[in-house]
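J.: Got a structure for you, questions after.
Only the coordinates and a few stated rules stand behind these numbers; no lab work does. Please read these numbers as outputs of a predicted model, since none were measured by experiment. Glycine gets a Cβ as well: all are built from the backbone with ideal geometry, and neighbour counts include every protein chain shown.
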Amino acid sequence: MKHQLFTASVLGLGLLAGATNVQAQSADRKWGLSGYTTILRYRGDLGNNYFMRRYPTFGGGLTLSRYLSKGLDINLSANQATLRYPSDPNTFINGNRFYANVSSFGLGFKLKLNNGWALKEDAAIQPYILLQPGYAYIYTDRYLNNATTPSSTNYGAFDAQAAVGLNFRITPGFNFFVQAGQHILFTDDARLDGIAGPRNGWFNKYDQYLQYSAGVTVNFGKAKDTDGDGVPDRKDKCPDTPQGVKVDENGCPVDTDGDGVADYQDKCPDVKGLASLQGCPDSDNDGVADNDDKCPNTPAGVKVDASGCPVDSDGDGVADYLDKCPNTPAGVKVDANGCPLDRDGDGVPDYQDRCPDRAGPASNKGCPEIKAEQKKVLNEATKYINFDFNKATLKPSSFPKLEQMVQIMNEYPDYSLSIAGHTDDVGNDDYNLRLSYERAAAARKYMVDKGVPAERIESRGYGETKPIADNKTKAGQALNRRVDFDPYLTGEANAAEAKYGPAPSISELKATGKPLPGKKTTGTGSPRSRKAPVKKAPAKRK
């Protein structure tokens, strides 16, 4: 009796909330209410009557479903039916049989195959797949060991169903469907049939039943007419027509002259024109309506400005359609073809050429590259530039190499030269720093005196801070006592800074009125004294 009352409650809730089978709604009719009958067939420890046609037991349910998209519906479900095994109510299997009332609820997700890919949404036959988790309440009478009096139990269990079905579209508002679904009850398998036998595999672990269903669905809802033009969205080819605009049977605005521009947007509604010109004609097809075109005979395909005349995007006096370089920067001088001038013909235009009157590759910003043998002279010059002991006085043996560098600088007037002085770490740091400055300055002065413009030679000192060898050995100290000569294009990053980092140049120090950094290399006192009073080997020549 309790279970019958519960069954009535299930069906009542089904009327309000849903049922097992979701049927085909549409974008116009998003809700569907289904009623159907079911037959349940058991599979478990006692056996299997999935495909037994005799002695069926019947049940039924209701569905409330909601259209989400062309490929997906969602539903709530309630279903009540009876389940027994064996199918013949007067038969025992190995002395056992059972009879159960099953009330199930579920939240289903229906994957529709009539989603426009294989079948149209409004196809007459609409296959689908249903995946539905849920909950089942079961009342069962179990007759064990040929008993004439049953042992009864009520229990609840989580339930999962996977089903396939076919929906037959009769009218947009009425459908017929058939479905077959596999249920699995996630509970102790002895509770349904009284037998807890050994099972192999996860799928066989729980009691199962097959549900065959057939029923009808009534789809309801008002056809959507977003723009309120009297044509429902499903048939409206222009669903966003502004209110008050006159439309045709397809829901699209009327176009009297048939030029593709609706009358309410057409400035020339009685003459065929172009959509881009709000329905007005353009004889030379330049995008400017005839009555606004100041150059009505512009050649076909030529881009024009608002007045209908050919565009000159870069303002160089050559119209774009004749301009072979239409993106020349403003103010750059161009030739008859509209391309930037290149006086030295090296392929680098003058406005980008650091050396516009001397040919050079683009990789060197249009300037001639210093020849390999001359680069070698500059790179190896440090080996041949020598000074008097502990002084910044150039030895005469240095003059030939300096003369060579003067010739190179005269041959390449677009280059500047960076001279950087260095010492080893023997002696006072401040003294070493000033000595490196003075030696670099001495080399610079020699070259300036020989005619190289002073602004093209820059010198600075790094003292003992940038060794290239180990100062712990005499050979390393000798390598560290050096003057480096590095050419670079005038205006580019200073070569010494790029190699060793920043240090004020002598020119910068003079400009600011500052003295050379470090301790003077002339005067009283020992220039080679250490900062810390430690014993060390006798000082060696700098």
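J.: In degrees from 0 to 90, rounded to the nearest 10, what is the angle of the helix 399-411 Cα long axis to the longest principal axis of the chain?
T.: It is inclined by approximately 60 degrees.
J.: Right, something else. Can you pull the one-decimal nm distance between simple spin-label points at K450 and N291, each 7 Å off the Cα toward Cβ?
T.: Simple spin-label model gives 8.1 nm for this pair.
J.: Can you check what the Kirkwood hydrodynamic radius comes to for region 418-480, Cα pairs only, in Å to one decimal? Provide the component values of the computation, followed by the final result.
T.: Numbers: mean 1/r = 0.0819 Å⁻¹.
Answer for region 418-480: a Kirkwood hydrodynamic radius of 12.2 Å.
J.: Write down Rg/Rh for region 202-361, rounded to two decimals, with Rg from the C-alpha atoms and Rh from the Kirkwood relation over Cα pairs.
T.: On the way: Rg = 31.5 Å, Rh = 22.3 Å.
Rg/Rh for region 202-361 comes to 1.41.
J.: When we measure straight from the Cα of K376, which lysines land under 16 angstrom away, once same-chain ones fewer than 8 places off are left out?
T.: List returned: K401.
J.: In debye to the nearest 20, how big a dipole does the chain give about its Cα centre with +1 on each Lys and Arg Cβ and -1 on each Asp and Glu Cβ? Walk me through the numbers on the way to the answer.
T.: On the way: 67 positive and 67 negative charges, 1010 e Å.
It comes to approximately 4840 debye.
J.: Quick one: helix 2-17 against the long Cα principal axis of the chain, what's the angle to the nearest 10°, folded into 0 to 90?
T.: 50 degrees
J.: Calculate, for L72 and S151, the FRET efficiency according to 1/(1 + (r/R0)^6) with r their C-beta to C-beta distance and R0 41 Å; round to the nearest 0.05.
T.: Numbers: r = 44 Å, r/R0 = 1.07.
E between L72 and S151, to the nearest 0.05, is 0.40.
J.: Now, a different point. Run the numbers on the chain and let me know its relative contact order in percent, using alpha-carbon pairs under 8 Å that are six or more apart. Could you put the intermediate results ahead of the total?
T.: Values: 1233 pairs, mean separation 41.4, N = 542.
Computed over the chain, the figure is 8 percent.
J.: Here is a follow-up. Could you give the nm distance between label points at S87 and T256, where each point is 7 Å from its Cα heading toward the beta carbon?
T.: Here the modelled spin labels are 7.5 nm apart.
J.: Based on DSSP H runs of at least 4 residues, each adding -39500 (n - 2.57), what is the mean residue ellipticity at 222 nm of the chain after dividing by all its residues, to the nearest 500 deg cm²/dmol? Intermediate results must be reported in sequence, preceding the final value.
T.: On the way: 8 runs with 83 residues, N = 542.
Helices in the chain give a 222 nm mean residue ellipticity of -4500 deg cm²/dmol.
J.: Can you tell me the FRET efficiency between A493 and D357 if r is taken as the Cβ-Cβ distance and R0 is 25 Å, rounded to the nearest 0.05?
T.: Using R0 = 25 Å, I get an efficiency of 0.60.
J.: With the cut-off at 25 Å, report for region 153-276 the share of all Cα pairs above it, as a whole percent. Intermediate results must be reported in sequence, preceding the final value.
T.: Numbers: 4577 of 7626 pairs.
Here the long-distance tail beyond 25 Å is 60 percent of all Cα pairs in region 153-276.
J.: Taking every eigenvalue of the Cα gyration tensor of region 372-512, multiplying by 5 and rooting it, what semi-axes result, largest first, whole Å?
T.: Numbers: eigenvalues 105, 56, 42 Å².
Equivalent-ellipsoid dimensions as semi-axes: 23, 17, 14 Å.
J.: Once the Cα atoms of helix 429-449 and of the chain are each reduced to a long axis, what angle between those two axes, in degrees from 0 to 90 to the nearest 10, is obtained?
T.: 70 degrees
J.: Right, something else. Whole number please: convex hull volume per residue, Cα atoms of region 255-307, in Å³. Please list the in-between numbers first.
T.: Details: hull volume 3.6 nm³, N = 53.
That works out to 69 Å³ per residue.
J.: Where q = 0.07, 0.08, 0.09, 0.13 Å⁻¹, what log10 of I(q)/I(0) comes from the Debye formula for the chain, counting one point per Cα?
T.: Calculated log10 I(q)/I(0) at the listed q: -0.70, -0.72, -0.79, -1.19.
J.: What aspartates and glutamates sit close enough to K120 to cross-link, taking a C-alpha to C-alpha distance under 19 Å and skipping anything fewer than 8 places away on the same chain?
T.: D28, D73, D233, D236
J.: While we're on this one: Below 11 angstrom from the Cβ of I385, what's the summed charge of the other residues (Lys, Arg +1; Asp, Glu -1)?
T.: Working: positive: K383, K395, K401, R439, R481, R482; negative: E380, D484.
Cβ neighbours under 11 Å give a net charge of +4.
J.: Could you tell me what a quarter of the Cα convex hull surface of region 85-134 works out to, in nm² with one decimal place? Kindly include the intermediate steps, with their values, before the conclusion.
T.: On the way: hull surface 25.4 nm².
Computed as one quarter of the Cα hull surface, the answer is 6.4 nm².
J.: Normalised radius of gyration for region 324-391, please: alpha carbon Rg relative to 2.2 N^0.38 Å, two decimal places.
T.: Values: Rg = 19.5 Å, N = 68, 2.2 N^0.38 = 10.9 Å.
Normalised Cα radius of gyration, region 324-391: 1.79.
J.: Moving on. Calculate one ³J(HN,Hα) per residue across region 268-279 by plugging θ = phi - 60° into the Karplus curve 6.51 cos²θ - 1.76 cosθ + 1.60, and present them in order as whole Hz with x for glycine and proline.
T.: 10, x, 9, 10, 5, x, 10, 4, 5, 10, 6, x
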